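Some notes on the structure that comes next.
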Amino acid sequence: MRARPLSLGITLVAELVIGSLAVAQPTTADQAAASTGEGAVSLARLSATLDDLLSRPVFRRAHVGLAVQQAETGEILYQRAADKRFTPGSTVKLVTAAVALEILGPAYRWSTRVVVDGPVIDGRLEGNVWLVGSGDPSLTRDELRALVPALRQHGIREIDGDVVADDRAFEPKPWGRGWMWDDLHIGFAGGVSGLQLSPNIVVAQLVPGRTIGEPVRLSYLEPGPKLPILVDARTGRARSEVELEVVPLPGAAEKRIIGSLPLGRSLELSLAPPHPTLYALAYLGTVLADSGITVGGRMRTVESRETIPPATKELAVIRSDSLGLVLGAFLKPSDNQIGESILRTVGRESAGEGSADSGIESVDRILRVWGIPADAAEVADGSGLSRYNQITPAALNRLLLIQWHHPTSDVLIDALPIAGVDGTLRWRMRGTVAEGNARAKTGALDAVRGLSGYVRDRDGRTIIFTLLVNGFEARGSEARAIEDLIIEQLALFSVSPPLAP
């Protein structure tokens, strides 16, 4: 996207952006004078085309905002409702990533420690095993299974005490403010904790019976602990509609699946465990049992005021990849778990409290330094699942302009989905001038669309864009088609004079 980053400090970058945003919109005469080479799009034609695309029937009742400007100069090329606030969906992940790079730095790593508080005598640990988390959003099942060889290397074949999961790096609340209660059983809304597996999901399948009226059963597609889910659904007629609903049981963590599933049709599910720490602990319990390492005490979570005994021995440390690499796993597939973990990590490292509120306070502070007004961005979580998030297209553009001129710009830009290549843009804009060119973060909730990022124009300059749409009535695919056409027009834009005949 860029030949080289500019080495500008945070204050100087903010001053550059604030000044550049004062650049006036081109006059009608300027637009008329803008000319292009063959196949390119002039500024006048670009504005007219964007007006037309944003007025299509798919957006007839929608609230639509678009901000377009050049990265090199900050010159504004097009605006519509750019200073109005929108629910951004997952485009708010850009805010989370940018602030994390500013506070934590691209080299930041999480660690998960394994310590024991007693001696090992004849293969028996006379004490407890502590699994101390730091909120690593990338701790895999393979890494947890690798703890078995680590225990065996220290001669441990039996644990006399407890296996204690210490997840106090983060606040106890696993979910973001304003998350929809009827999403919490779905994998993308699984919540986070100071000790969690990645991905924090359980893949299962609903399988109909052999005849109409028979019970539907839940089959797990991967090894691991079972979830507290009661299936009370029945097999319906072949080719009938899937009519299923997941309802919480009052006062319990269990969920109940009701409704009907057509004969001969299975349905794959991505399910969220009731709590990340409890699931990670249960998974470790099955790993230890399968390996033959017995636990005499309990598999339990740490008490809120419990202290790790001072006389402990560290057996192993699992370190994550650097934040710079984790951002690719965060932004390209739009991983909510990583976003919430990053937000709480920002809070812990900047204010000593691993909470969403503390992280949001840090986000607000950095946004003010970057010249983004308080009324232009209200952040409620780190992932964009909350509809309490509100931001203007101009504010997201300003953030992207800051990042483009920032010393860590390449880290963020490299982590974005690439049109027609990977991430949430893998299948989009293929066969157009935007393929392999546009890098942007998508956002999608019910009746919410967002796309914000960078694209090179015909002159090789970088254009920054943010499109936010709320309240549209059509299918998401129809809105997506308009988004792609808009980015293609930006990629065709040129201010170069036409070639002489």
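The values are calculated or read from the model by the stated rules, or taken from the named source; none is laboratory data. Remember, predicted model here, so these are calculated numbers, not experimental data. FYI the Cβ positions are ideal-geometry reconstructions off the backbone, even for glycines, and counts take in every protein chain you see. SASA here: full protein model, heavy atoms, side chains in, ligands and nucleic acids out. Shrake-Rupley method; radii C 1.70, N 1.55, O 1.52, S 1.80 Å.
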*If you find the alpha carbon centre of the range 364-429 and of the range 300-359, how far apart are they in angstrom?*
22
*Using alpha carbon centroids, what distance separates the range 119-171 and the range 228-276, in Å?*
35
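Once you have a ≥ b ≥ c as the square roots of the Cα gyration tensor eigenvalues for the range 128-193, tell me rounded if a/c is under 1.5, and otherwise prolate or oblate according to whether a/b is larger than b/c. It would help to have the intermediate numbers written out before the result.
Details: a/c = 3.06, a/b = 2.30, b/c = 1.33.
Since a/c reaches 1.5 and a/b is larger than b/c, the shape of the range 128-193 is classed as prolate.
Quick check: residue separation of Ser291 and Ala351 times 0.36 nm, minus the Cα distance between them. What number comes out in nm? Could you put the intermediate results ahead of the total?
Details: separation 60, 0.36 × 60 = 21.60 nm, distance 4.08 nm.
Gain in length upon complete extension: 17.5 nm.
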*For the chain, what proportion of DSSP beta bridges, expressed in % and rounded to the nearest 5, is antiparallel?*
75
_Testing the spin-label approximation: label points 7 Å from Cα along Cα→Cβ at Arg237 and Glu72. State their distance in nm._
6.6
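Over the alpha-carbon set of the range 145-237, divide Rg by the Kirkwood Rh and report the Rg/Rh ratio to two decimals.
1.10
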*Helix by helix, which DSSP H runs in the chain go 30 Å or more along their axis at the Cα atoms and have an average Kyte-Doolittle hydropathy of 0.0 or more?*
none
*Amide H of Glu72: which non-local residues (sequence gap of 5 or more, or other chain) have their own amide H closer than 5 Å, using H built in the peptide plane?*
Thr462
*Rounded to the nearest 5, what is the percent of antiparallel bridges among the DSSP beta bridges in the range 81-170?*
50
*Looking at the square roots a ≥ b ≥ c of the eigenvalues of the Cα gyration tensor of the range 186-254, which shape do they give, rounded for a/c under 1.5, prolate if a/b is larger than b/c, or oblate?*
prolate
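When only the heavy atoms of the protein chains count and the probe is 1.4 Å, how do Arg344, Arg319, Arg449 rank by accessible area, highest first? Walk me through the intermediate numbers first.
Values: Arg344 0, Arg319 155, Arg449 20 Å².
Solvent-accessible surface, decreasing: Arg319, Arg449, Arg344.
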*Using modelled amide H (1.01 Å from N, peptide plane; none on Pro or chain starts), what sits under 5 Å from the amide H of Met299, excluding residues fewer than 5 places away?*
Val163
*Candidate values [x] 4, 20, 31, 28, 14, 3, 0; [y] 4, 19, 28, 27, 16, 6, 1, 0, 0; [z] 4, 17, 25, 22, 16, 10, 4, 1, 0, 0, label of the one derived for P(r) over Cα pairs in 10 Å bins from 0, in percent*: [z]
*Summarise the accessible area of the range 148-299 (1.4 Å probe, protein heavy atoms) by the percent that is carbon and sulfur.*
53
*Using mean Cβ contacts within 10 Å as the protection proxy, how do 413-424, 290-301, 375-386 order, highest first?*
375-386, 413-424, 290-301
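Assuming a viscosity of 0.692 mPa s and a temperature of 37 °C, what translational diffusion coefficient in µm² per second does Stokes-Einstein assign to the range 358-501, Rh being the Kirkwood radius over Cα pairs? Working shown, then result.
Numbers: Rh = 16.4 Å.
Translational diffusion coefficient: 200 µm²/s.
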_Global geometry of the range 99-213, whether rounded, prolate or oblate, following the gyration tensor of its Cα atoms and the 1.5 cut on a/c_ = oblate
*Amide H to amide H, which residues 5 or more places from Leu125 or on other chains are under 5 Å from it, using H placed in the peptide plane?*
Arg157, Glu158, Ile159, Asp160
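Gain in length, Asp410 to Arg152, computed as 0.36 nm per residue apart minus the alpha-carbon separation, to one decimal in nm? Spell out each step's value before the answer.
On the way: separation 258, 0.36 × 258 = 92.88 nm, distance 4.26 nm.
Gain in length upon complete extension: 88.6 nm.
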*Please sort 221-230, 363-372, 94-103, 202-211 by packing, taking for each peptide the average over its residues of neighbouring beta carbons within 10 angstrom, highest first.*
94-103, 363-372, 202-211, 221-230
*By per-residue mean of other Cβ atoms within 10 Å, what is the highest-first order of 164-175, 256-267?*
164-175, 256-267
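With n ≥ 4 as the cut-off for DSSP H runs, can you work out [θ] at 222 nm for the chain, using -39500 (n - 2.57) per run divided by the number of residues, rounded to the nearest 500?
Details: 13 runs with 143 residues, N = 501.
Rounded to the nearest 500, it is -8500 deg cm²/dmol.
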*Cα-projected label distance for Ser266 with Leu325, points at 7 Å along beta-carbon direction, nm*: 3.4
